[in-house]
Amino acid sequence: MTGSRVIYDFGANNGDDIGYYLKKADCVVAVEASPALCSMIEARFAREIAERRVSVLCGVITAGEQEGPVPFYLHKTNHVLSQFPAPSIDAAHMFEEVLLPALSPDRIIETYGVPHYIKIDLEHYDAEILRSLFTHGIFPDYISAESHSVEVFCLLAALGNYKAFKLVNGPSVGTLYANHLINTRSGVQAHSFPIHSAGPYGDDIPGPWLSATGLFRQLATVGLGWKDIHASRVDRALD
């Protein structure tokens, strides 16, 4: 895939982001742990898979050097809440433990090529994957991760040395970015983002890029939670 624009979807879920990414890149590498959701993606994008524009990797993306199967926790009623970290004792009854293949982020990227953008949405495991990417010298032009922990922002700003940031509010994606104008290689076009998708990235997100200080102030105002922090190495911050 040398010379191609590659987007990595770490935590692809049911594939709701893949259609958008295909408008932005030559190929999309979707990584998902749930075998049922992997099958859904494979059926949904069968043509693109046959054209080698989509690759689906079914397994648990981990920050360590695990080999072979690892425990993963499938949520019994809400697939978006399935996770790699063991749930608390109080919540354990809501999950089914299964053994699934472990996948290394740096080895995936070594196989499929330099990332243009990496989306990370791994339910309480985003920070670990960020740290693994950065310690392996992987710094894509664009990257995003969910801000349930301030550690995510700290890793992007300090270890990743990113200097331009934007914030996407998860609960409002389906309404705020309905019929939203995006930049594609064939020009500007409208795209509607599903409710549980990650939403736009890069300059498809309205508004100026903020410095680390500016984003820190914004997070202090709106709080952490279901919000994606987007970082760029190619855009300049406003302040």
For the stretch 142-239, restrict the atom set to alpha-carbon positions and state the Rg and Dmax in Å. 13.3, 38
Which trypsin sites (Lys or Arg not before Pro) in the stretch 1-79 pass both tests, a DSSP loop state and at most 14 other beta-carbon atoms within 10 Å? Arg52, Lys76
Label Val222 and Ala178 with points 7 Å out from Cα along Cα→Cβ: what is the distance between them in nm? 1.9 nm
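By the scheme Lys and Arg +1, Asp and Glu -1, what is the net charge of all other residues having a beta-carbon under 11 Å from that of Pro194?
-2
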Stretched out fully, how many nm does the piece from Leu159 to Leu238 gain, at 0.36 nm a residue minus the Cα gap? 26.3 nm
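Below 14 angstrom from the Cβ of Phe216, what's the summed charge of the other residues (Lys, Arg +1; Asp, Glu -1)? Could you put the intermediate results ahead of the total?
Details: positive: Lys163, Lys166, Arg217, Lys227; negative: Glu151, Asp239.
Neighbour charge sum, excluding Phe216 itself: +2.
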D (µm²/s, integer) via Stokes-Einstein for the stretch 1-138, Kirkwood Rh across alpha-carbon pairs, 10 °C, 1.306 mPa s: value 104 µm²/s
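Any idea what % of Cα-Cα pairs in the stretch 75-210 are farther than 23 Å?
45 percent
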If you line up the Cα atoms of the chain on their principal axes, what length do they span on each, largest first, in Å? 46, 42, 36
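Would you please give the FRET efficiency between Met94 and Glu42, computed as 1/(1 + (r/R0)^6) with r the Cβ-Cβ distance and R0 = 35 Å, to the nearest 0.05?
For Met94 and Glu42, the calculated efficiency is 0.85.
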Env charge @ Met40, Cβ radius under 11 Å, K,R +1 / D,E -1, value -2
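Taking every DSSP beta bridge that has both residues in the stretch 1-150, what percent is antiparallel when rounded to the nearest 5? Each step should come with its number before you reach the end.
Values: 8 of 29 bridges.
Of all bridge pairs located within the stretch 1-150, approximately 30 percent are antiparallel.
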Distance between Cα centroids, the stretch 141-166 to the stretch 1-63: provide it in whole Å. 23 Å
For the stretch 1-46, what D do you get in µm² per second when you plug the Kirkwood radius from alpha-carbon pairs into Stokes-Einstein at 25 °C and 0.890 mPa s? 227 µm²/s
By a straight-distance test (C-alpha under 17 Å), which lysines pair with Lys227 as possible cross-link partners, with residues fewer than eight away in the same chain excluded? Lys119, Lys166
Using the alpha-carbon centroid of each, what span in Å lies between the stretch 176-190 and the stretch 209-239? 22 Å
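No value in this document is a laboratory result; all are computed from the given coordinates. Not measured: the values here are computed from a predicted model. FYI the Cβ positions are ideal-geometry reconstructions off the backbone, even for glycines, and counts take in every protein chain you see.
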